[in-house]
Amino acid sequence: MKKILLADDNVTDRVLYRRFLGNQLGHESLEFFEATSGEDAVALYEQLQPDCMLLDYNLQDMDGLAVLEECRRRTTNRVMCVVMITGSGNEQLVVQALNGGAADYLVKGQFDRDSLNKTVRHAIEKTEWQQYQTRYHGELQSINQQLRDSLAELTDTRQQLQIRNQELAAINQALARTNADLDNFVYAASHDLRQPVHNLQGLFDELRRAAVFPDPEDAQVLRMVDVSLQALATTITDLATVVQEQRSSGTHAVEQVAVPEVVEDVCSSLRPQIRSTNAQIHLHAESLREVAYARANLRTILLNLVSNALKYRHPARSPEVTIHCYQVAGKPVVEVQDNGLGLNLHRHGPELFQLFRRFHPGIEGTGVGLFLVNRLVEAAGGRIEVESQEGVGTLFRVHLG
């Protein structure tokens, strides 16, 4: 349910906005609230924290820029979503509105139902993405601070060991081994962030099991904490996987790999997801059953692509994943095709393989899988082609090298 605040002192205009927007925006239902003055608009924005506010510039008690400034002052910890509606196409006013925090603007009498819907939808999507970035940057800063603290402790420890090593020549060999261990620990610190998170999860599970919370709202808070811990743990695990794969990708030996065996291994690892979604996995490798490739890397590539096909399945049908293996100009190609949600390549294509890029915010994920797949394929001299259609499905065509 999206909350829309209509701040306009003209009742006719408010009725028009309601009629243009209807009862639903995309997959979200709409709930409307109205303010007839700048003072009401500020109060309702602070109280409701709406998903979007349509703000008329010409209000009776104060202009839209003043309302925008006051709303921004009262919501310093939240990204605003405001579409300014002006009575004319004054460029200076538009610049002031955008600089003041408005996500977009419209000119009265120069937009229709379709343009209003698109503008509001895009403003909400932009704001939600900015809010996600803000949350993620906060988490990343916290992780970086932990790393800085750990590295500071390590530096201090190494200095103490070096002094001790100079003073006690008799234990020089033991101190040298300790220094080597500390060097390894510098690398391990970036991966061992998972352990504190796992500890937090364990303590949280014990708290939830042992404690009694009389307030029904506490259960919702507990669920939110649990989801946040799981998301953080998943992010750290996926980042550690990327680092580990990049460090070891060059060490995997190339061999003749039987594609059906790797697919069977992948399906075995994903069996719980396959069963829970009633998925069908089909393999067509009649023309090419073996490829010369690093087995571990091929497994990682197929595991991520098939896992994504199950994760981003279409809610109206069971997942159906088809894997083709064949040759093009003497080079092996593996295709993974699904019937899932698909995506808009025109809009998201350039960002598809970038780290932390996600295109279905309603589904849990970290945006690491495709980045890792692309890195492994490119490291072996290959490339990936993608075909996708929203609501129909996606095809990844992996040229192995």
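Here are a few things to note about the model shown:
- Calculated FRET efficiency for the pair TYR136/GLU39, C-beta based, R₀ 51 Å, to 0.05: 0.90
- Positive-end extreme of charge dipole, segment 252-399 - chosen from THR277, GLY381, GLN256 (charges on Cβ): THR277
- Separation between Cα centres of segment 279-353 and segment 30-69, rounded to whole Å: 48
- Computed FRET value (nearest 0.05) for ASP13 with GLU69, which takes r as the C-beta separation and R₀ as 22 Å: 0.50
- Spin-label model distance (nm) - ARG383 vs HIS27, 7 Å beyond Cα toward Cβ: 3.3
- Inverting the pair-averaged 1/r between distinct Cα atoms of segment 2-131 gives 14.3 Å as its Kirkwood hydrodynamic radius.
- Order of TYR17, TYR45, TYR326 under a 10 Å beta carbon neighbour criterion, fewest first: TYR326, TYR17, TYR45
- Applying 1/(1 + (r/R0)^6) with R0 = 51 Å to the Cβ-Cβ distance of LEU154 and SER88 gives a FRET efficiency near 0.25.
- Coupling constants for segment 27-34 follow from the phi torsions by the Karplus curve (6.51 cos²θ - 1.76 cosθ + 1.60, θ = phi - 60°), and in residue order they are 9, 10, 6, 10, 10, 9, 9, 10 Hz; glycine and proline get x.
- Pairs of C-alpha atoms in segment 252-399 farther apart than 22 Å represent 36 percent of all such pairs.
- In this simple spin-label model, placing a label point 7 Å from the Cα along the Cα-to-Cβ direction at both THR277 and ARG289 gives a separation of 2.8 nm.
- Among VAL266, LEU303, HIS346 the positive-end extreme of the charge dipole of segment 252-399 (Cβ point charges): HIS346
Where a number appears in this text, it was derived from the coordinates with a stated rule and is not lab data. Keep in mind that this is a model prediction, so the values were computed, not measured. All Cβ positions, even for glycine, are placed from backbone atoms using ideal geometry, and neighbour counts span all protein chains on display.
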